[in-house]
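For reference, the structure discussed in these notes is given below.
The values are calculated or read from the model by the stated rules, or taken from the named source; none is laboratory data. Note that this is a predicted model, so its numbers are computed, not measured. Cβ placement follows ideal geometry from the backbone for every residue including glycine, while neighbour counts extend to all protein chains displayed.
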Amino acid sequence: MVARRLWPQAGGDTAHATRRHISELTEAGFHVSVSTPRYKGGGESMTVADVMVHRPIARPRNDWAARRYVKIWSRWLVDQAAGCDVLLAIGAREEAAAMVSAARHLGLPSVVRVIGGGAECDLAAWNRWTKLRRCVTLLRNADALLVNDRVIHKELLLRGFADDSCIRLPLIGHHAIDHDPALRKATRQALATANSDLRTDADTPVALCCAAMVRGGRIDSLAAAWMPVHAAHPAARLWILGDGTGRDRLHNRLRADGTRVSVAVPGTFVDIRDVLPAADVFIHLEDSPAVGHLAEAIHFPVRLVVLDTSRNREFLEVHPANPIDASRVVYCGATPPSIKRAIRESFQAGKWGLPDTPKSRGSQARPPVSPEQSRAVSLPDVLRRMIGTFAPRTTSPKSSGPSPNHVTHDRVPS
């Protein structure tokens, strides 16, 4: 696996997708090895959560360095990835272009996961950076491109990508977890031991939000919305997971607002599933479900405060794989008054935001789903299919045209 970033929360959408897919593939029996660029000092190899991580080269800083970066990374993959069965890139940028080039040289199938939505959208970056135009040409040689929704799929078709190489890969989290008071209590005790800022009582209502702490982000709106929530629920706690250049500024604002005592900013966690059992409400203020941890949160017995966008609604209301009861979700706008209303409504529903019973998470409120819509494609299934049916290309590795041996795939209907 080749990824632009690995660290969760602080790394944004690419890091979220990387961690999610590592867990998904490991649980499916794949042996995963990850390579990422170096951003600062440190060794070239390390182990993160039992996964070997290689950092062979530093990230480029300009267009000239980007071209050299792709060549060096491609040569490194040719030397190191000969024993792999399939190459997967998270994000469709320089690292993916190097991976596709190396895969063609080695005769291995190449799969690219396109990041769509949010500030790190790959398609938006293609328009913004000149250095990525050459990468887009190389990416057309990928055997499969994984997209989350029809918007990104249509955009790729408009840019000249082959329809039979685009696979709709829905965001599917992990197995649903029922409400377990013992697990909730044990998780809170473990988190309090690791970080005293997370110390709470067993019946304390906790709202959890994962966000990058950058200037102009919606984390400022959340901080403003928490003031009246704290006044109405003095015992409530807000945990903000993440990091960024605006961390100190957020701390200063919370102190000035008088809400610092009820807000914890513990940093980042390797796996969000270590924290979700302790929460009562999960707040998702991103435009797309592909950004953040909404795909994991829906499988935990928490109420959801979700930004009201077409992509979030499609994910929660249309997708057949998501076990969502409409009563669990409260939609909000991006303004502090709207966020405040949604959080207070979630706290007032049930017992501090928890569903009344574990059975309330059923899908009885969902509209009927056709047999065609119920077909779900998972990443392990895609990779196994690629390994089993892939035929090496007969064209020259330097050619950017379509291959006569191009593999076709079954796609989830729109």
Thr204, sole failed condition from (1) modelled with pLDDT under 85; (2) among the β-branched types (Val, Ile, Thr); (3) surrounded by fewer than 19 Cβ atoms within 10 Å (Cβ to Cβ); (4) not in a helix (DSSP H, G or I): (1)
Pairs with Cβ under 8 Å, 6+ apart, first in the stretch 168-190 and at pLDDT 85 or above, second in a loop (DSSP other than H, G, I, E, B): Leu183/Ile177; Arg184/Ala202; Lys185/Ala202; Thr187/Val275; Arg188/Thr200; Arg188/Ala202
Members of the stretch 207-221 found to be within 23 Å of His299 (Cβ to Cβ) and either among the aromatic types (Phe, Trp, Tyr) or at pLDDT 90 or above (or both), listed by number: Ala207, Leu208, Cys209
Failed item, numbered, when Leu222 is tested on (1) in contact (Cβ under 8 Å) with a residue 60 or more places away in the chain; (2) out of contact with any strand residue (DSSP E or B) (no Cβ under 8 Å at 6 or more places or on another chain); (3) of a type outside the set (Ser, Thr, Tyr): (2)
Residues of the stretch 225-243 satisfying the condition of being surrounded by fewer than 17 Cβ atoms within 10 Å (Cβ to Cβ) and touching a Pro at 6+ places or on another chain (Cβ under 8 Å): Ala235
Selection count, the stretch 223-244, where residues are touching a Lys or Arg at 6+ places or on another chain (Cβ under 7 Å) and of a type outside the set (A, V, I, L, M): 1
Where Gly292 falls short, out of the listed (1) at pLDDT below 80; (2) surrounded by fewer than 20 Cβ atoms within 10 Å (Cβ to Cβ); (3) on the phi > 0 side of the Ramachandran plot: (2)
Residue in the stretch 336-350 that is modelled with pLDDT under 75 and surrounded by 13 or more Cβ atoms within 10 Å (Cβ to Cβ) present: yes
Criterion: among the small types (Gly, Ala, Ser), touching an Asp or Glu at 6+ places or on another chain (Cβ under 6 Å) and modelled with pLDDT of 85 or more - qualifying residue of Ala264, Ala256: Ala264
The stretch 143-161 residues that are within 18 Å of Ala295 (Cα to Cα), paired with ones that are surrounded by fewer than 16 Cβ atoms within 10 Å (Cβ to Cβ) and not hydrophobic (A, V, I, L, M, F, W, C) (beta carbon under 6 Å, 6 or more apart): Arg150/Ser414
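So, in the stretch 250-270, how many residues would count as being within 19 Å of Ala225 (Cβ to Cβ) and surrounded by fewer than 15 Cβ atoms within 10 Å (Cβ to Cβ)?
Residues in the stretch 250-270 being within 19 Å of Ala225 (Cβ to Cβ) and surrounded by fewer than 15 Cβ atoms within 10 Å (Cβ to Cβ): 7 in total.
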The stretch 109-137, residues that are at pLDDT 90 or above and surrounded by fewer than 23 Cβ atoms within 10 Å (Cβ to Cβ): none
Flag if Ala142 is in a strand (DSSP E or B), surrounded by 17 or more Cβ atoms within 10 Å (Cβ to Cβ), within 23 Å of the chain's Cα centre (by Cα) and not polar (S, T, N, Q): no
